[in-house]
1. Would you point out which residue out of B:26, B:32 is surrounded by 14 or more Cβ atoms within 10 Å (Cβ to Cβ), touching a Ser or Thr at 6+ places or on another chain (Cβ under 6 Å), modelled with pLDDT under 85 and not in a helix (DSSP H, G or I)?
2. Looking only at segment A:117-149, how many residues end up being surrounded by fewer than 20 Cβ atoms within 10 Å (Cβ to Cβ), at pLDDT 60 or above and small (Gly, Ala, Ser)?
3. Conditions first: (1) modelled with pLDDT of 95 or more; (2) crowded, with 20+ Cβ neighbours inside 10 Å. Residue A:83 passes all but one, so which condition is the exception?
4. On the given criteria, is residue B:161 outside any helix (DSSP H, G or I), more than 11 Å from chain A (Cβ to nearest Cβ), surrounded by fewer than 15 Cβ atoms within 10 Å (Cβ to Cβ) and modelled with pLDDT of 80 or more?
5. Within segment B:89-134, restricting attention to residues that are of a type in the set (Val, Ile, Thr) and crowded, with 18+ Cβ neighbours inside 10 Å, which residue is modelled with the lowest pLDDT?
6. Scan segment A:40-98 residue by residue and report those that are polar (S, T, N, Q) and in a loop (DSSP other than H, G, I, E, B).
7. Inside segment B:74-84, can you point out the residues that are more than 10 Å from every other protein chain (Cβ to nearest Cβ) and surrounded by fewer than 16 Cβ atoms within 10 Å (Cβ to Cβ)?
Amino acid sequence: MVDLKKAHALPDSKGSIRKILFHQSSVFQNDRQISKGIFQNFLKNLNRIGMKPKIYVFATYRNDSERVFLEEEANQWKPLVQSLDHFGTRVSNQIWSRLAYAQDTCLIANSTKPVAIMTRSDRNKDMVHLLSKSSLLKRAGFQIVEPEGNFTLEGGHVFASSKVLLYSNPKDQEILSSFEQKPIFVERHSK
Amino acid sequence: MLKGIVSKLITKLLDIQSPGSSAYYVSWYDHVDLVFSIFERKDNHEVFYVDFEEATLSYPLWDNRQRLLLNREFHGWRTELQKMIDEIEKHLKDVSFHKMPGVIGHENFAQWQAFFIYSGVNLLFSSDENKDYAFYLKFPNESNKDIQVNERIESTLRSASIVPIAITGNSEFANWAEIRNSAGVRCLIKVLSRK
């Protein structure tokens, strides 16, 4: 059994997960709202290997019933985390269906000043707008950077535990040069 | 819609299977799927790349003409991937490349079908003093036993001395839900730290 207190007293291991921000939203099966468990299981596994992160949850709901469900779901994560900062916002049905889980807005951080690069899709545009209206980003110490170019391609991802940045759009070299990661510019092969 | 090599491949596959269908399916493909995942160690880099070639699970009924077109598309995919691999190799020292399975297909529910992509390089790495770990979203309901996506992901990670940890939801539905929305574990990885 890992001693979490002891684990946290250790100096930062490269790539250890310390802080997470993610988007929480409802899922329905047969018209019934269900708890996904993905995130809870992820946290349990992190605990198992001695990590207990701070989490920042950005919840979107359409009505009070969804709000209550999401809050109750998040409450179950409390024993698994160092701290839980839950922020919920009501959205229209139209926006909600576009957000899905807004996967690209989820951040995980092992550094003190994490920055997320957002993909320029409509989905993320909505999410950036919602997030920037909340104070959650500030509380989490996160910043969102939107590149000039169309930040596309699979190579655009960055990894918390790697300092390597694959990137497909040389137009954004200036933004990227301010980051610690080693950039690898992979030219786009198709227009 | 985003343009990347995965979306290009998906468009081609869908249109080979059913001409014009990509216009409907791919219109909502507005997220990014991973092709590469890199784990950096002190002395080397473990680079994982996805290969969809063996696992177009939902397309069992390819005829000969379709198979020829499919081969051509995968040839194009391999060429693009190779260029990226060469680029990575040029920039990083001591690199080991590992092929991971990926799946493009349709998921069948009772009343409807949903198009999905599953990339075996949707990994979230984490390390402590002694070990390196990689979280991945467990691929649900492996109908094609020959492919064994989860087992291949795990054995590849182990071969790179990384401990695999599968993340699951409360049900297969929950896992599918995460995959449809672009893989729950992968969603946790977009971070940079500024100088």
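1. B:32
2. The qualifying residues number 4.
3. Condition (2) is where residue A:83 drops out.
4. Spelling it out, residue B:161 is indeed outside any helix (DSSP H, G or I), more than 11 Å from chain A (Cβ to nearest Cβ), surrounded by fewer than 15 Cβ atoms within 10 Å (Cβ to Cβ) and modelled with pLDDT of 80 or more.
5. It comes out as B:117.
6. A:63, A:76, A:82, A:92
7. Within segment B:74-84, B:75, B:78, B:82 meet the criteria.
The values are calculated or read from the model by the stated rules, or taken from the named source; none is laboratory data. From a predicted model like this one, the values you see are computed outputs, not experimental measurements. When we count neighbours, we look across all protein chains shown, and the Cβ atoms used for this are built from the backbone with ideal geometry, even at glycine.
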